[in-house]
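What follows is a set of notes on a single structure, which appears directly below.
The values are calculated or read from the model by the stated rules, or taken from the named source; none is laboratory data. In this text, all values refer to a predicted model and were calculated from it rather than measured experimentally. Neighbour counts run over all protein chains shown; Cβ positions are idealised from the backbone, glycine included.
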Amino acid sequence: MSDPSTRPAVRAFRAALFPTLAGYRREWLRRDLLAGATAGAVVIPQAMAYATIADLPVQAGLYTCMVPMLVYAALGGSRAMSVSTTSTIATLTATTLVSAGVTAGSDDIPRDLITLTLLVGLILLIARLLRLGGLVEVINRPTIIGIQIGVGATVAVGQLPKLLGERGDPTGEGFFAGVEAAVVALPQANPATIMLSAASIAVLLLMKRFLPRVPAPLIVVAGGIVLAAAGVLQPAGVELIAPVPQGLPVPALPSLEHIGALLPGALAIAVMAFLESAAVARGIRKPGEPPVDSNRELFATAAANIVGSAFSTLPAAGGFSQSAVNQNAGARSQVAALVTVALAVLVGLFLGPVLSLLPQATLASLVFVAVIGLIDVRAIVLVWRISKRDFWIALTTAVIGLVAGLLVAVAAGVLITLLLVLLALSKVRLQVDRRTPDTAVVTLGGGLFTANAEATERAALDRLREEEGIRVVVLDAAVLNDVSVTVIETFQDLDRELAEAGVSLRLAGLEPAVAEVLGRTRWFRGLVAEQRVFRTVDDAVAGETAGDGRG
């Protein structure tokens, strides 16, 4: 009798749930426990700070460290990726809520956040069902750099009022609204808040530079809470965050009031969520680990958002900084993420009153330092050195983000990428060689598509007209692995043009799948009957038929 564990259904179930535990070794457990605790010390205060970017209660960020992270740990394929919210996602969330007319800023999480996170998850799920994992990743690196610059500048400026002692957060209203709010806040700046902000930022930057393994966010948060508990800050006018409720998130229903207004933002967030997750998963993958499956990551990110939405979480994605902390601390599997989840649950159950002592300026400092890192000067300089075109793409996307808003910047980034793809597809790639006095070989250097088929035909005919005495043209189509109706019609038109000039067209090197599609046309069957289809170019030049090219 066979072992039940070897049955295909059981193996499939094991592969679907907790795939990073496959081949798990006992000696990895200590590293995972340490990594999960270390990452939790960074990601939990960071996620709470990111919630304030969207003017949401800090518990929304805390909840995002529980449910989405747990779901991804069960379904995702990256061993060390930590999934909660990111500065980019939080900023787009803020912009979306503001543009939809959703009023946040109260002590309660608005139900429209549930709707937004659910929409993001559903869009990602639809993309997964359509197997668009690879398509989303065509957005090029310069576009991402530009969006990150827009996010970094917008959020950094938006935090200035809080760093100066004001509670307002104009991040969702755009870069220039943030500049205006900072200028307005200057006359009312609180000296004690400024000192706390400056000290917090200095500690974060210095520890990142000289003590990278120490969880600086946890140190800064603990320091702010200790000062508040000692009664030093409140008499000096330093604002604390809103009270944090003690307990775990409870299921809630979405609101349908602003669903139409939230949809464009949800689409932009979904694109960025998957781009960030895919980039992080690939960036932290170590040699020897299983390759990153884009469609699997798409499904895992979709599920994390759909399930998370029911528990009032922010839209979730893989974060590079927290994932890097996780990996550098020795994470070998998603067990580390489960440890972080457990830590977040403990914080929610027991530390609500303690977190309520957190100064607003301390959270703003965490956000400020995190988003300033998005303005990657080295990456900009490198892009400038490599490609001026890519530099201007990055700069254009960044300017659009600052002037027209981040949602428009994401849409512009997608359109720019699609335009670049179309330009690449429209390029003509062919070579014409004279093999014998009366025979020329036209070799295709790339695929044929609607965008470049007609231009390729014209280029081939122009080159052939320059050759005298040509009676036979061999089309080397070995590079083709797919053909469309447009491409087939182009072949037919090329055959007619050459025939009118007294030149015979021969096809060579066709892939079996391509030959099968062509075989559905009367024109190609005629070529086969006339013995004008060959397996190799040499056979075609020699005129030695070797079947119909389908072998």
message: Whether any residue in the stretch 373-395 is of a type outside the set (A, V, I, L, M) and at positive phi is what I want to check.
response: no
- line: When every residue in the stretch 277-288 that is in a helix (DSSP H, G or I), under 19 Å from Ala329 (Cα atoms) and touching a residue at least 12 places away in the same chain (Cβ under 8 Å) is compared, the one farthest from the chain's Cα centre (by Cα) is Gly283
field: Residue satisfying condition, being modelled with pLDDT of 85 or more and over 24 Å from Val155 (Cα atoms), within set Gly40, Gly76
entry: Gly76
task: Could you list all residues from the stretch 461-510 that are among the charged types (D, E, K, R) and either assigned to a helix (DSSP H, G or I) or not assigned by TED's automatic domain parsing to the domain that holds Leu527 (or both)?
output: Asp462, Arg463, Arg465, Glu489, Asp493, Asp495, Arg496, Glu497, Glu500
task: From Arg496, Arg525, Arg463, Arg520, grab the single residue that is in contact (Cβ under 8 Å) with a residue 24 or more places away in the chain and either basic (Lys, Arg) or surrounded by fewer than 21 Cβ atoms within 10 Å (Cβ to Cβ) (or both).
output: Arg463
task: Examine the stretch 409-429 for a residue that is modelled with pLDDT of 85 or more and either of a type in the set (S, T, N, Q) or assigned to a strand (DSSP E or B) (or both), and state whether such a residue exists.
output: no
- prompt: So is Gly319 without any contact (Cβ under 8 Å) to a residue 60 or more places away in the chain and either touching a strand residue (DSSP E or B) at 6+ places or on another chain (Cβ under 9 Å) or of a type outside the set (Ser, Thr, Tyr) (or both) or not?
  reply: no
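For a quick check of your reading: which helices (runs of 4 or more DSSP H) sit entirely within the stretch 90-201 and have at least 1 residues that are buried (at least 22 other Cβ atoms within 10 Å of the Cβ), at pLDDT 85 or above and among the β-branched types (Val, Ile, Thr)?
Details: elements: 111-129, 133-136, 141-158, 160-164, 175-185.
Output list reads 111-129, 141-158.
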- request: Mind listing just one residue for me: the one in the stretch 499-517 that is of a type in the set (A, V, I, L, M) and more than 39 Å from the chain's Cα centre (by Cα) and, of those, surrounded by the fewest Cβ atoms within 10 Å (Cβ to Cβ)?
  value: Ala499
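Can you tell me which residue is surrounded by the fewest Cβ atoms within 10 Å (Cβ to Cβ) among those in the stretch 430-460 that are in a helix (DSSP H, G or I) and among the charged types (D, E, K, R)? Before the answer, list the steps.
Narrowing the stretch 430-460 to residues in a helix (DSSP H, G or I): 453-460.
Checking which are among the charged types (D, E, K, R) leaves us with 454, 457-458.
Working: Glu454: 17, Glu457: 20, Arg458: 14.
Of everything passing the filter in the stretch 430-460, Arg458 is surrounded by the fewest Cβ atoms within 10 Å (Cβ to Cβ).
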Test result for Pro245, in the same structural domain as Leu97 (by TED's automatic domain parsing) and at pLDDT 90 or above: no
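Within the stretch 396-407, work out how many residues are modelled with pLDDT of 85 or more and either surrounded by 17 or more Cβ atoms within 10 Å (Cβ to Cβ) or closer than 30 Å to Leu461 by Cβ (or both).
6
Yes/no matrix, rows are residues, columns are (1) of a type in the set (Phe, Trp, Tyr); (2) more than 27 Å from Ala342 (Cβ to Cβ); (3) within 13 Å of the chain's Cα centre (by Cα):
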position	(1), (2), (3)
Leu253	no, yes, no
Gly260	no, yes, no
Ala268	no, yes, yes
Leu275	no, yes, yes
Pro290	no, no, no
Ser312	no, no, no
message: Out of Leu374, Leu366, Leu358, I need the residue that is modelled with pLDDT under 90, touching a Pro at 6+ places or on another chain (Cβ under 6 Å) and surrounded by 16 or more Cβ atoms within 10 Å (Cβ to Cβ). Which one?
response: Leu366
